[in-house]
Amino acid sequence: MSFRNRIDLTKGDITKVKVDAIVNAANTSLLGGGGVDGAIHRAGGPEILNECRKIVARQGGCKTGEAVITTAGNLPARFVIHTVGPVWNGGDKGEEKKLTDCYRNSLQLAVDNKCSTIAFPNISTGVYRFPKAAAAQIAVHTVADFLDANETLGKVIFVCFDEESYELISKEMMLL
Ligand code: ADP
């Protein structure tokens, strides 16, 4: 199926979405934070943090641009994929490449774990201050390129918490 029919957009709370994997905009410590990270740990319960702690003990956290996977605890999803977005520091510190890596590595980890549906929040666009329009462009194009080359993922959903991100992602999807 064409990649265009496998990308969806919705507005709301990612903790409510029933997919194989939801993606968390985590931080390098993997030990929880605010924003979507806080919401996922609150709604998913302590099992997620327990698995994060085991990953920290094994590999010492998660680097920017990389991704790790845990149970989704009490959430309707099966897994949480934790990826660490770049903090925006003016744009000449490799931020765009690192954000691309977040999407690509999360998608690959979903495939490796036999997921066919995955939902993303707008990584880095909260407290990490990545400009929303540039982030939307990277998100949509990285997902489209991945789907174009990969048949196993059936659906990728962008779950936007704010209207501005929703409009920006929607605009990028229309350009595909
Ligand atoms: P980062 O540190 O990567 O910037 P944030 O959690 O601060 O992460 O913000 C990332 C995006 O997640 C923002 O667009 C924010 O509005 C959004 N967000 C916050 N809570 C939720 C939620 N429950 N579901 C989906 N998106 C959320």
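The values are calculated or read from the model by the stated rules, or taken from the named source; none is laboratory data. As the structure is a prediction and not an experimental result, all values here were calculated from the model. Please note: Cβ atoms are built from the backbone with ideal geometry, for glycine as well, and neighbour counts cover all protein chains shown.
Side notes on the structure shown:
- Identity of the residue in the range 90-121, over 16 Å from Val143 (Cβ atoms) and acidic (Asp, Glu), that ends up surrounded by the fewest Cβ atoms within 10 Å (Cβ to Cβ): Asp92
- Neighbours by Cβ (under 9 Å, 6+ apart or cross-chain): first from the range 122-134, surrounded by fewer than 19 Cβ atoms within 10 Å (Cβ to Cβ) and β-branched (Val, Ile, Thr); second assigned to a loop (DSSP other than H, G, I, E, B) and at pLDDT below 95: Val127/Gly33
- Hits in the range 135-161 - residues which are in contact with a Ser or Thr (Cβ under 8 Å, 6 or more places away or on another chain) and part of a loop (DSSP other than H, G, I, E, B): Thr152, Leu153, Gly154
- Each residue in the range 75-101 was checked for being within 20 Å of Leu49 (Cα to Cα), outside any strand (DSSP E or B) and touching an Asp or Glu at 6+ places or on another chain (Cβ under 8 Å), and 2 pass.
Each row is one residue, and each column tells you yes or no for (1) of a type in the set (Phe, Trp, Tyr); (2) within 13 Å of the ligand (Cβ to nearest atom); (3) touching a Ser or Thr at 6+ places or on another chain (Cβ under 7 Å).
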| site | (1), (2), (3) |
| --- | --- |
| Pro86 | no, yes, yes |
| Gly90 | no, no, no |
| Glu95 | no, yes, no |
| Ala110 | no, no, no |
| Cys115 | no, no, no |
| Asn122 | no, yes, yes |
| Ala133 | no, yes, no |
| Glu163 | no, yes, no |
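- If you go through the range 23-40 and pick out every residue that is in contact (Cβ under 8 Å) with a residue 60 or more places away in the chain, in contact with a Ser or Thr (Cβ under 8 Å, 6 or more places away or on another chain) and within 8 Å of the ligand (Cβ to nearest atom), you end up with 1.
- Residue within the range 51-63 that is assigned to a helix (DSSP H, G or I), modelled with pLDDT of 95 or more, more than 11 Å from the ligand (Cβ to nearest atom) and β-branched (Val, Ile, Thr) present: yes
- Condition broken by Lys18, with the remaining ones in (1) part of a loop (DSSP other than H, G, I, E, B); (2) closer than 25 Å to Lys98 by Cβ satisfied: (2)
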